[in-house]
Structure formats: C-alpha cells, structure tokens
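Have a look at the structure below before the remarks.
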Amino acid sequence: MTSLDTSLPRARNATAPVAPEAVPLRQRLKAQGYDGITLLALPAAGFLVLLFVYPFLYGLFLSFKPKAGGLLANYARFFSDPFLYETIGKTLWLAVPVTLLNAVLAVPVALRVRDIRYQRVLTTILVVPITLGTVLVAQGLLNYLGPQGWFNRVLMTAGIISSPVKLIHNYWGVFLSLLITGFPFAFLLTLSYVSGIDRNLERSAATLGAGGWERFRRILLPLILPGLAITFCLSFVQAFAVFPSAVLLGSPAGPTRVISIAAYQAAFEEYDYAMASAIAMVMGAVQLLVVGLVLGARGFLYRGSTAGGKG
Amino acid sequence: MIKDTSLTARLWSAAVWAFIVFFVVNLFAMIGSVVTSSFATRWLGTWLPAGWTTRWYGSAWAEFQLGEVLTVTFQAVFLVVLFSGLLGVPAAYALARRDFKGKRLLMLLFLLPLLIPPITFGIPLATVLYQTGFAGSLAGVVLANLVPTVPFVVLVMVPFIEQIDPKIEAAAQVFGANTSRLFLHVLLPLLLPGILAALLLVLVRTIAIFELTFLVAGPTSQTLVVALYYAVFAAGVRAVQSIDAMAVIYMVTTLIWLVIALRFVNPTQLVGRPREQAAH
C-alpha cells in the first residue's frame with residue numbers, strides 16, 4: 001500500500017522549500033490515498049448513494065409531507081391509531097422471543113458441532129431453509145403443521161394430544177417459521193465465532209480442574225458473548241422485518257399484524273407513500289434502538305483475543 | 001475435544017443431539033410434505049395421498065405461466081449477478097488496496113444495506129422507483145436487487161483481495177506490464193476464485209430474495225418466488241397440489257444452484273459474516 005507513496009518528498013526535491021500550493025493537486029491527493037485505483041470505488045458508491053441513501057432521505061423527507069395535516073401529521077396518526085401503533089408491540093412480541101430462543105439454542109449446538117467430523121454435512125442441511133427463503137417455508141409449514149399435516153398426525157398417534165393443535169393462521173405459525181429460518185442463521189454465525197476460540201484455553205481450564213459447566217461459564221461464555229450480541233442483532237433485524245410468513249402463516253388482521261404489513265398496506269393498498277415512508281422510518285428507528293441497546297450493553301463485555309498463549 | 005464422561009455431560013450431549021435431530025427431521029418432513037402433496041391425486045385426512053400423479057406439474061406450468069416467470073427470473077438473476085460483479089469487484093479492489101480519507105464512511109455505506117432489512121429501505125426505494133418509472137419493469141427489479149448484492153460482493157471480496165500480496169502486482173509492473181495486461185494476466189487469474197464464489201453466493205441469494213422484488217415487480221416482471229407468494233396468498237383459487245408443484249419447481253431451481261455454490265464456498269458464507277470476524 002505504501003510502495004508507491006513516495007510522491008510528496010520527490011516533488012519537494014527540485015528546489016528547497018516549496019509552498020504546499022506548488023505541489024500539483026494530483027500528488028497532494030495521492031498522498032491522501034486518492035488515485036486511479038481509489039476511483040474504482042466510485043461507481044459502486046455512486047450507485048448506492050443514488051439507490052440507497054437518496055431514497056432513504058427522500059422517504060424521510062416525504063414522511064414529513066403528509067397527504068393532509070401539518071409536518072408531523074403522519075407520525076401523529078401512527079402513534080394515535082391503535083391499529084397502527086400496536087404493530088410495534090406485536091412485532092416485538094414476535095421478534096424478541098424468537099430471536100432470544102434462536103441465539104440461546106445456537107450456542108450449545110454450535111459448541112457441540114464444532115469438532116464433529118461431519119460438520120459440513122450438518123451446515124449444508126441447515127443452510128437449506130435459509131436458501132429456500134421465507135415464502136417456501138410458509139407454504140411448507142401450511143402443509144406440515146396444518147390440522148391434517150404430519151406434525152399433528154404424529155402427535156395424535158403418539159397419544160400426546162387428542163385433537164389437532166392449531167399451529168397455523170396464528171402467532172405460533174409465524175413463530176415457528178421464524179424459528180426454522182432463524183435458528184440456522186444464528187447457528188451458522190455462532191459456529192464461525194466458536195470455531196475461532198483456541199481449544200487450549202479450555203484444556204488449561206480442564207487441567208486446572210474446571211468441570212464442564214465451569215469451563216463454559218468462565219471461559220467460553222465470556223468469549224462468545226460479544227459475538228452472540230452481534231448474532232442477536234442480525235437475527236433480530238431479520239425477525240423484526242418479518243413479512244411473507246406473517247401474511248401467509250399468521251393472522252395478518254390480528255395478532256400477527258406486524259409493522260411491515262402496516263407499511264405495505266399504506267403504500268400499496270392506500271397509495272399513501274408519505275404514510276408508508278413514515279411507518280418505514282418508525283420501523284427503522286425501533287430496530288436501531290434495539291440494536292443500539294444490545295451493542296451498548298456489549299461495550300461492557302470482554303472484547304479481546306480468543307487465542308491462547310502468553311499475554 | 002475434552003473427554004468428559006460424567007453422567008451430566010453425557011445427558012447434556014444427548015439432549016443437544018436430540019434437538020439437532022428433531023430440528024432436521026422436522027425440516028425434512030416439511031419439505032417432504034410439499035413434495036408428497038405435489039404428486040398427490042387427492043390427499044385429505046390420511047398419512048399418504050390416495051394416489052400418485054405428475055399432472056400437477058403440467059397444470060402448474062400452464063396456470064402460473066411458469067415459462068415466462070422462469071425466463072424473467074433467470075434474466076433478472078443474470079443481470080443482478082453481472083452488475084453486482086462489475087460494480088462490486090472494482091470497489092472491493094480499491095478498498096483493499098488503498099487507505100484514504102473517508103474510507104470508514106464508505107465501508108459504512110457498504111455495510112448499511114446489509115444490516116437494514118429489505119422491507120425497511122424497500123418501501124422508500126419502491127416509491128422512488130415508481131416515480132421514476134422503473135418499477136414494474138425488469139430494470140426496476142434488477143436495480144432494487146442490486147442494492148443489497150453490490151455491498152455483499154464488496155464485503156466478501158475485500159478480505160479476499162487483502163490476502164493477495166500486492167508485491168505480485170508490483171513485480172508485474174516492474175517487468176513492464178501495462179494496466180490491461182496487468183489486469184488480464186495477473187489480477188484476473190488471482191481474483192477469479194474469489195469472484196466466482198462471491199457471484200455464486202449472490203446468485204443463490206437473489207433467487208430467494210423476496211421483499212425487494214415483491215415491492216417493485218409488475219405483472220410482467222415477477223420472479224419465481226414472488227409468483228409463489230401470490231399463489232399461496234390466493235390459496236383456494238387453485239388446487240393446493242398445483243401450488244405445491246410450483247413450490248417444488250422453485251425448490252429445485254434454488255437447490256441446484258446451492259449445490260453448485262457449495263462446491264466452491266462454505267455454507268457459513270451464505271449468511272454473510274460480520275466484519276468483525278476479520279479483525280480477530
């Protein structure tokens with residue numbers, strides 16, 4: 001990176017002290033790291049400014065220009081209409097428990113799986129639901145969890161229940177769909193964190209007489225927690241934005257009327273783009289708040305090397 | 001692995017395995033029930049269908065115009081892969097090789113579209129695309145899908161390029177290679193494995209990405225996953241077996257590419273590793 005950065009001294013060689021303005025612009029830029037190669041980042045950056053930053057700012061601007069009323073009318077309407085503001089609570093009530101469950105389940109599974117021989121087979125199987133996506137999982141679960149589906153049949157044959165449990169078109173349908181796509185996601189992220197922890201740390205602890213639970217609590221957990229916080233955030237934003245399964249597997253007019261549904265209906269059923277943008281902004285703010293809280297708490301955790309050795 | 005033979009350790013291990021097996025069995029049973037249903041003549045209130053048939057595939061193909069839908073899907077995916085490579089790889093090269101003012105800000109710009117879920121930025125994006133007239137067309141679908149895929153390519157490629165020794169490029173220049181020869185004979189062969197992996201990941205993700213396409217697609221620019229959503233949404237209009245046949249066609253399309261991709265990449269790469277991973 002530094003091999004070509006000799007431009008400044010060479011420019012000053014000619015005559016002794018030169019005012020900085022005398023150095024050509026091109027070389028001054030180069031000294032700051034801007035040259036032909038840096039320009040290669042421009043098309044991608046420009047594209048994102050045009051199609052990500054601009055729409056976002058435009059949406060923010062639009063949300064303050066409601067169809068009727070003053071500057072804050074859209075937000076006022078959102079927070080005064082229970083049909084709208086209740087979507088925040090409903091979405092959190094789905095997203096937080098399922099994300100916690102996914103993250104908590106991912107840790108023991110990742111720890112158990114990290115050194116088995118056929119790890120690749122299991123990770124391949126678990127990447128399938130993520131690849132298939134939420135729409136297919138919704139259709140699959142409609143078949144599988146339905147009153148005549150295999151899941152209820154097995155439970156009834158085993159004598160655990162006497163009549164089919166209602167698992168679709170309600171809260172649990174959406175919950176289970178978030179579990180089936182969210183758990184593999186959390187697991188794969190956790191696995192990559194866990195694989196980075198030096199085994200010698202645990203071996204030393206074991207040599208010093210720490211049992212399994214103590215090794216986990218005192219050695220592994222402090223090392224995993226920062227990664228787990230990131231996993232939680234990434235899983236949470238996905239669960240919070242749940243859309244297709246909330247419509248197809250849930251009861252989109254009742255307990256699973258999540259915030260994405262409210263935003264979608266405002267945009268494409270009422271054609272009120274200003275209101276839809278306002279809801280999207282509220283959605284972004286809630287996500288940011290939760291992620292900020294988790295990352296803030298993460299600041300108190302140990303964040304150092306996961307490698308063993310002297311130090 | 002530390003050998004722990006105490007009873008609690010064994011019980012715990014067994015419990016973890018039981019959960020893994022339970023999860024995988026349910027996953028396969030869910031997929032299996034879709035496949036079974038797609039071949040069923042009639043399936044009501046029994047373990048297995050009354051009879052087997054393949055006619056639902058023909059009727060799904062005709063009812064949902066899957067010929068056109070698949071053409072659109074492949075066109076969109078091909079264009080998304082092409083352009084995310086063309087935009088993402090040079091940007092990744094610049095970020096890997098140069099340190100400049102504002103680099104952190106640029107990294108943040110590339111990180112945000114991956115952290116913010118598509119439906120949040122998709123609604124303002126769709127608004128802009130509708131106003132500029134791109135929405136409802138193939139171009140709109142491609143543009144919307146590029147928003148998360150370009151940063152994805154950048155973030156996958158930066159660590160890959162960083163581990164290639166810049167001295168190789170310097171040596172080629174010393175021996176008199178000009179920019180185009182340096183690119184063709186030195187950089188491209190070195191970067192190709194990384195580019196291939198990144199673009200395969202983009203391909204697999206783009207076939208399955210639903211929200212962005214759903215928000216901007218018109219009737220003639222639906223991809224397979226959006227068509228599947230509308231079919232499930234309007235369940236009751238068509239036979240459930242027909243929808244399941246379409247779901248199987250969708251699964252096969254996605255999984256073929258997943259199998260190909262997994263020959264070159266690790267499954268964990270599909271979920272996109274957080275940047276911090278590289279810092280350790």
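Readers should treat all values here as calculations from the given coordinates under stated rules, not as data from a laboratory. It should be emphasised that the depicted structure is a prediction, and the values quoted were computed from it without experimental measurement. Neighbour counts are summed over all protein chains in view; Cβ atoms, including those assigned to glycine, are modelled from backbone coordinates with ideal geometry.
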Practice task
Please identify, among B:254, B:73, B:132, the residue showing maximal mean-square fluctuation in a Gaussian network model of chain B using a 10 angstrom Cα cutoff.
Solution key: B:132
Fill in the blank from the handout: Output field shielding_mean for B:147-154 (other chain Cβ, 10 Å radius) holds 3
Handout entry: Distant-in-sequence amide H partners of residue B:40 (H built 1.01 Å from N, under 5 Å)
Key = B:53
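If eta is 1.002 mPa s and T is 20 °C, what Stokes-Einstein diffusion coefficient results for segment A:73-298, Kirkwood Rh from Cα pairs, in µm²/s?
On the way: Rh = 19.6 Å.
Translational D for this selection: 110 µm²/s.
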Practice task
For chain B, set up a Gaussian network in which alpha carbons nearer than 10 Å are linked by springs, and say which option among B:108, B:155, B:184 fluctuates the most.
Solution key: B:184
Completion exercise
One quarter of the C-alpha convex hull surface, i.e. the mean projected area of the protein assembly as shown in nm², amounts to 33.8
Fill in the blank from the handout: For peptide A:81-89, the mean count of other chain Cβ atoms within 10 Å per residue Cβ is 0
Completion exercise
Note to self: C-alpha centroids of segment B:131-167 and segment A:59-77 sit apart, in Å, by 32
Problem - Among B:39, B:78, B:175: highest mean-square fluctuation, GNM of chain B, C-alpha pairs under 10 Å - result: B:175
Practice task
Read phi for every residue in segment B:122-138 and hand back ³J(HN,Hα) as whole Hz from Karplus 6.51 cos²θ - 1.76 cosθ + 1.60, θ = phi - 60°, with x for Gly and Pro.
Solution key: x, 5, x, 4, 4, 4, 5, 5, 5, 6, 8, x, 7, 5, x, 10, 4
Completion exercise
In chain A, whole DSSP H helices that both stretch 18 Å or further along their axis by alpha carbon positions and average at least 0.0 on the Kyte-Doolittle scale are A:82-113, A:119-144, A:171-194, A:221-240, A:273-298
Problem - chain A - percent relative contact order, Cα under 8 Å, separation 6 or more - result: 24
Handout entry: Extreme residue, positive dipole direction of segment B:28-139, given options B:48, B:94, B:80 (C-beta unit charges)
Key = B:94
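Please get the size of the charge dipole for the protein assembly as shown, origin at its Cα centre, with Cβ charges of +1 on Lys and Arg and -1 on Asp and Glu, quoted in debye to the nearest 20. Don't jump to the answer; show the numbers that get you there.
On the way: 40 positive and 22 negative charges, 272 e Å.
Here the size comes out at about 1300 debye.
For chain B, give the magnitude of the charge dipole about the Cα centre (Cβ charges: +1 Lys/Arg, -1 Asp/Glu; no others), in debye to the nearest 20. Can you show the working numbers first?
On the way: 16 positive and 10 negative charges, 84 e Å.
In debye, rounded to 20, chain B gives about 400.
I'd like to know how segment A:127-194 sits against the 2.2 N^0.38 Å rule of thumb: what's its Cα Rg over that expected value?
Working: Rg = 14.1 Å, N = 68, 2.2 N^0.38 = 10.9 Å.
Against the empirical 2.2 N^0.38 Å value, I get 1.29 for segment A:127-194.
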Handout entry: Three-way shape label, segment B:129-220, alpha-carbon gyration tensor, a/c 1.5
Key = prolate
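Dipole magnitude of segment A:73-298 about its Cα centre, charges +1 at Lys/Arg Cβ and -1 at Asp/Glu Cβ only, in debye to the nearest 20?
On the way: 15 positive and 9 negative charges, 183 e Å.
Roughly 880 debye for segment A:73-298.
What number, in percent, do you get for the relative contact order of segment B:64-279 if the mean sequence gap of Cα pairs under 8 Å and at least 6 apart is divided by its residue count? Intermediate values should be presented prior to the final figure.
Numbers: 194 pairs, mean separation 67.1, N = 216.
Once divided by the residue count of segment B:64-279, the mean separation gives 31 percent.
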Practice task
Compute from the Cα atoms of segment B:1-53 the Rg and the Dmax, the latter being the longest Cα-Cα distance, and quote both in angstrom.
Solution key: 18.7, 54
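Under 1.5 on a/c is rounded, so check that first for segment B:64-279, then, if it is not, pick prolate when a/b is larger than b/c and oblate when it is not; a ≥ b ≥ c are the square roots of the alpha carbon gyration tensor eigenvalues. Please report the intermediate quantities before stating the final value.
Numbers: a/c = 2.31, a/b = 1.89, b/c = 1.22.
Prolate shape, in that a/c is at least 1.5 and a/b is the bigger ratio.
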Problem - Inter-probe distance in nm under a simple model that places probes 7 Å from Cα toward Cβ, at residue A:119 and residue B:15 - result: 2.4
